[in-house]
Amino acid sequence: MNKQPIGIFDSGVGGTSIWKEIHMLLPNEDTIYLADSFNAPYGPKGKDAIINLSIKNTEYLINKGCKLIVVACNTATTNAIDYLRNTYNIPFIGIEPAIKPAALQTKNNTIGILATKGTLSSALFSKTSDMFASNKNVIEQIGEGIVQLIEGGKLQSKEMKTLLKAYLKPMIDANIDYLVLGCTHYPYLIPLLVELLPSHVKIIDSGEAVARQTKAILKKNNLLNIVSVDSNNHFYTNGDPKIMQSLLNSEFNVEYLDF
Ligand code: DGL
């Protein structure tokens, strides 16, 4: 079982930001990445639809023999991970907005959170926010349209800059000193965000923490691949492979798959 791949899925190409962290920390591990770009964005969908799409992705990865699944999507984690954990007999790693470290470190008592509607309206997000940031000024912003632009290959576009400027304005006006990226597509925006934010604002996401947690859970379950060989990494999308390829090094090949 320990030579089996790690399965990773997202509503689209954004979870490759998480795959990169996992591959850096666990270079021996084989991986299978599923981008459900055909059904992106998940953010505006209801909880039941997000659970059903997460079941579809999970069952594909389990049928491929994955030993553990990383839900590399905040929206799918906050809406579906309890269901997945209660239904399938393998470990799941999820990703949630890094509200705790931001709340602990803010000096201005004011933090910004950019995430999808599905994440910000979830019970899990409310619980985490109440637990760690109830005494902070939390400026929440739905990143409506951002995922669609990235999935459409418009990461560096005028439209993206206009959207981000509008979304950041209330946060800048409120004098945030931390911006939490609560969607796995958003780390690809960091160069643009750095350009648009005042220089004292720190940007945080959960990618590194997810990779560390993946390693810890593999170790705990005796699932680490300890055989030192080059890993196999497969990337599948039911959207346009070119868009995903543009986010990955050319040594990794993206294939179209109807799943
Ligand atoms: N990458 C997903 C997330 O982390 C994007 C969700 C969407 O498709 O709206 O939330």
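Side notes on the structure shown:
- Members of region 125-149 that are within 21 Å of the chain's Cα centre (by Cα), outside any helix (DSSP H, G or I) and not aliphatic (A, V, I, L, M): Glu140, Gln141, Gly143, Glu144, Gly145
- Scanning region 97-121 for residues that are part of a loop (DSSP other than H, G, I, E, B) and under 19 Å from Cys73 (Cα atoms) turns up Pro97, Ala98, Thr116, Ser121.
- Some residue of region 72-93 being within 22 Å of Gln4 (Cα to Cα), assigned to a helix (DSSP H, G or I) and of a type in the set (D, E, K, R): yes
- In region 77-90, the residues that are surrounded by fewer than 17 Cβ atoms within 10 Å (Cβ to Cβ) reach residues that are among the charged types (D, E, K, R) and modelled with pLDDT of 95 or more with C-beta atoms within less than 9 angstrom, at least six apart or across chains, in these pairs: Tyr88/Glu59.
- Matching entry among Leu179, Leu247 (being on the phi < 0 side of the Ramachandran plot and out of contact with any Gly (no Cβ under 7 Å at 6 or more places or on another chain)): Leu247
- Considering the conditions (1) surrounded by 16 or more Cβ atoms within 10 Å (Cβ to Cβ); (2) away from the ligand (no atom under 16 Å from the Cβ); (3) outside any loop (DSSP other than H, G, I, E, B), Pro191 is excluded by exactly one of them, (1).
- Test: residue in region 220-231 that is in contact with an Asp or Glu (Cβ under 7 Å, 6 or more places away or on another chain) and surrounded by fewer than 17 Cβ atoms within 10 Å (Cβ to Cβ): yes
- Selection status of Lys67, within 12 Å of the ligand (Cβ to nearest atom), surrounded by fewer than 24 Cβ atoms within 10 Å (Cβ to Cβ) and touching a residue at least 24 places away in the same chain (Cβ under 8 Å): no
The values are calculated or read from the model by the stated rules, or taken from the named source; none is laboratory data. Given the structure is predicted, the values throughout are model-derived calculations rather than measurements. A quick note on method: Cβ atoms are made from the backbone with ideal geometry, for glycine too, and the neighbour counts reach across all protein chains shown.
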